[in-house]
1. Under 21 Å from D:ILE7 (Cβ atoms), at pLDDT 95 or above and among the small types (Gly, Ala, Ser) - does that describe any residue in segment D:164-172?
2. For the structure I just gave you, tell me whether B:ALA11 is modelled with pLDDT of 95 or more, within 19 Å of B:VAL176 (Cα to Cα), part of a helix (DSSP H, G or I) and touching a helix residue (DSSP H, G or I) at 6+ places or on another chain (Cβ under 8 Å).
3. Out of (1) within 14 Å of chain C (Cβ to nearest Cβ); (2) crowded, with 22+ Cβ neighbours inside 10 Å, what's the single condition that is false for D:ALA82?
4. Against the definition (in contact with a Phe, Trp or Tyr (Cβ under 6 Å, 6 or more places away or on another chain), more than 14 Å from every other protein chain (Cβ to nearest Cβ) and farther than 29 Å from C:SER113 by Cα), how does B:ALA88 come out, yes or no?
5. For segment D:15-28, give me each residue that is within 14 Å of chain A (Cβ to nearest Cβ) and either surrounded by 16 or more Cβ atoms within 10 Å (Cβ to Cβ) or in a loop (DSSP other than H, G, I, E, B) (or both).
6. Of everything in segment B:109-165 that's touching a residue at least 24 places away in the same chain (Cβ under 8 Å), small (Gly, Ala, Ser) and out of contact with any strand residue (DSSP E or B) (no Cβ under 6 Å at 6 or more places or on another chain), which residue is surrounded by the fewest Cβ atoms within 10 Å (Cβ to Cβ)?
7. Determine whether segment D:29-51 contains at least one residue that is of a type in the set (Gly, Ala, Ser), within 14 Å of chain A (Cβ to nearest Cβ) and not in a strand (DSSP E or B).
8. Under 8 Å between Cβ atoms, at least 6 apart or on separate chains: pull out the pairs that start in segment B:41-52 with a residue that is within 19 Å of B:GLY22 (Cβ to Cβ) and end on any residue that is in a helix (DSSP H, G or I) and β-branched (Val, Ile, Thr).
Number of protein chains: 4
Amino acid sequence: MSSSSLICELARQFYDLGWVTGTGGGLCIREGERVIIAPSGVQKERMTPEQMFTLAMDGTVLERPADPKLKPSECSSLFLTAIRLRNAGAVIHTHSMHAMLATLLFESEFVISEIEMIKGIQGMGYHDRLIVPIIENTARESELAESLQAAIEAYPETQAVLVRRHGVYVWGRDWVHAKTQTECYDYLFRAAVEMRHLGIPTDATKGASDAGISSRPAGQYARR
Amino acid sequence: MSSSSLICELARQFYDLGWVTGTGGGLCIREGERVIIAPSGVQKERMTPEQMFTLAMDGTVLERPADPKLKPSECSSLFLTAIRLRNAGAVIHTHSMHAMLATLLFESEFVISEIEMIKGIQGMGYHDRLIVPIIENTARESELAESLQAAIEAYPETQAVLVRRHGVYVWGRDWVHAKTQTECYDYLFRAAVEMRHLGIPTDATKGASDAGISSRPAGQYARR
Amino acid sequence: MSSSSLICELARQFYDLGWVTGTGGGLCIREGERVIIAPSGVQKERMTPEQMFTLAMDGTVLERPADPKLKPSECSSLFLTAIRLRNAGAVIHTHSMHAMLATLLFESEFVISEIEMIKGIQGMGYHDRLIVPIIENTARESELAESLQAAIEAYPETQAVLVRRHGVYVWGRDWVHAKTQTECYDYLFRAAVEMRHLGIPTDATKGASDAGISSRPAGQYARR
Amino acid sequence: MSSSSLICELARQFYDLGWVTGTGGGLCIREGERVIIAPSGVQKERMTPEQMFTLAMDGTVLERPADPKLKPSECSSLFLTAIRLRNAGAVIHTHSMHAMLATLLFESEFVISEIEMIKGIQGMGYHDRLIVPIIENTARESELAESLQAAIEAYPETQAVLVRRHGVYVWGRDWVHAKTQTECYDYLFRAAVEMRHLGIPTDATKGASDAGISSRPAGQYARR
């Protein structure tokens, strides 16, 4: 299957998961030095391969769809940032309710530990604390690229960056890796919300200190 | 695809989203000066194109299905109100649980701010306060048309009107716009309910003043 | 489509709604003086028309599947009770989580008012109080028939009976009516649970008196 | 249908239920003295029959897929433990959110009583207390086999074992039995979480003593 067709198929699956409704969210797949990327502002569950753009690693448009009204995804610069800094083969951006709500429960870092699904994140074991940096949202998605880059550089092992009141960016070495990691993160974000409802700390390594956002340390971008 | 077929396809999708169960909810699509509209009281996920009505802008039935038992949707006068006042190309009415519950949390206006999905609503940016007027429900759907008209006139920028303990009407310049806006609103209604559960204010611009329905200002139809 | 095929198709749909998992729940469709009914203890989303039974109104098996291991649904006597007492054309039994949880919130009657979906129940308007009797569960499903009959007789207008810690029986004049009423009831059961979480009374006609099961009047089978 | 094809079909269904996302979870089906088992670390909703392994009862690989990168599921030793000790025909392992959350609400035993779905578990009636042992999670799935065996031996009637902060293992005499029991358990785990939110004890036989994890008796592996 071509990367263009695969993007359309995955986007339909992500729509059913509630990750890309309202034209929000998106994904890209890298082919060597080319990046296949969806257009901006279209229904993600109804895209066709003919609507895809091909970008160079610096963002130059190499191929574009015939429809002159289409523009590359607003996420393009963020996708390319993750690809360049992490050599990612695919990047996924979701507006999942679980991701969005998770950003409301923590100050600068989402932290969870001792949940089996943590093992689905590259380099992480069951007893490791999973930390996902949270960056502040901006008025335009393209303006996020700078703070995304800062977060990726400050957290060299992270596979994802949360955006406050917005959603999450997740990458991987190829589309399978990016997708399965996104599923694990989404499970963990949902688990954190459910655990908060039940009064159970998300970070088993430090007791009850995540009881509220006001008790969180503020040191954004602090290294683990 | 004809508008009749499209209505059937979209209604199946809306059923899966929980928006039109129990024969509730509906949608219409405008073709110039004609409005294609579904029948009343049928299973929305099992409609066929032959069951559609065609109405003139004043509600006159131009074409009707062969089955004499079918009547145009009870929502017809409400749909036509939104079309006439806003030049809408499509109108969607859902009984989404999220929309219904959202009307229980606010007095006369649903208010939310600083959630990325707000950007999916026409004319709105991330830092804008999204306001959706809430009108009181009536015994018959057709009786709602007058208060819907008043709300649309009082809130000239709104793309939607909530109906207390009932659901929501959303419109757009065409079916894609109406549908994607409905998805964004539904996400925001759900977010508001989830944020209430977590004790987080929905209106980030004014702190904790949305703690309960009793603390809301009552000025229905006040201009923003 | 034959009633046997329709039962299989509807059961798949009900499975996706979470109504008939774990072989629980079921449905029957009446054809004149014959009742087509599914077998007991099978996966409801994988039934085939050849597995259906045909019963007479008194429960006599008129036709049975070739597979000798199959037995008629445990619900058969309850289905036939609703058919005989209400002249129902179809009966649906679900183990929906929403129905089960709703029985934990009320003593002998589920009560809700002023929710639009109430209008989907036969004979009910928006301002009517919808009452669904709740009967106590028994060790075997077939033993429920007597108390189901008592509840149907005590509540001559009800279209459904809840079974404590178990689920709900809903009927209608035909399969469409039974199914759409089940959807409306299920929405209302879910709404009641969500409203309880939000601290909102389900019965708008009497204020906050449904704050807890201990404050409910106990008069089981009292007439409305 | 071959067992290999059936495993793929069931895995797609389990993915839609949220049981096997992020490559987590899995299942196996026994054919006499051979066990068909899925590979480790693959997307469970996209498996093909050619990717399956065939193991002997002692874990020896009898047949393997052509792709040299594939390894048998990490769950293999746990699956074989359940098969040997209980003569199971199929074993299912899920990371269902409901199962994971249920392990956070109880100390060493999940206990629920008087819920109709309990009757879907082998040997259980409506008035029986359903007890599922909870074992502690370990860093590697294969290390769990020893404590799984201890739990199965200590609870000779159980059809499932929960793993803390992880998920559940369920077996049955064949794939239908294993699957339908997993559906019943999942419903009961979800019910327990919802009941906790509503302040309703899960164990109707002993009143409010399940109000919090700190009040639970600690006697892990105690006989019922």
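The values are calculated or read from the model by the stated rules, or taken from the named source; none is laboratory data. Given the structure is predicted, the values throughout are model-derived calculations rather than measurements. Glycine gets a Cβ as well: all are built from the backbone with ideal geometry, and neighbour counts include every protein chain shown.
1. Applying the first criterion (under 21 Å from D:ILE7 (Cβ atoms)) to segment D:164-172 yields D:167-172.
From what's left, at pLDDT 95 or above: D:167-172.
Checking which are among the small types (Gly, Ala, Ser) leaves us with D:167, D:172.
Checked segment D:164-172: at least one residue is under 21 Å from D:ILE7 (Cβ atoms), at pLDDT 95 or above and among the small types (Gly, Ala, Ser).
2. Details: modelled with pLDDT of 95 or more: yes; within 19 Å of B:VAL176 (Cα to Cα): yes; part of a helix (DSSP H, G or I): yes; touching a helix residue (DSSP H, G or I) at 6+ places or on another chain (Cβ under 8 Å): yes.
Yes.
3. (1)
4. Answer is yes for this residue.
5. Of all residues in segment D:15-28, those within 14 Å of chain A (Cβ to nearest Cβ) come to D:15-26.
The answer is D:TYR15, D:LEU17, D:GLY18, D:TRP19, D:VAL20, D:THR21, D:GLY22, D:THR23, D:GLY24, D:GLY25, D:GLY26.
6. Top of the filtered list is B:GLY123.
7. From segment D:29-51, those of a type in the set (Gly, Ala, Ser) are D:32, D:38, D:40-41; that's our starting set.
If we keep only those that are within 14 Å of chain A (Cβ to nearest Cβ) too, we end up with D:40-41.
Okay, now just the ones that are also not in a strand (DSSP E or B), so D:40-41.
So far as segment D:29-51 goes, yes, one or more of its residues are of a type in the set (Gly, Ala, Ser), within 14 Å of chain A (Cβ to nearest Cβ) and not in a strand (DSSP E or B).
8. B:GLY41/B:THR23; B:VAL42/B:THR23; B:GLN43/B:THR23; B:GLN43/C:VAL176; B:GLN43/C:THR180; B:LYS44/B:THR21; B:LYS44/B:THR23; B:MET47/B:ILE7
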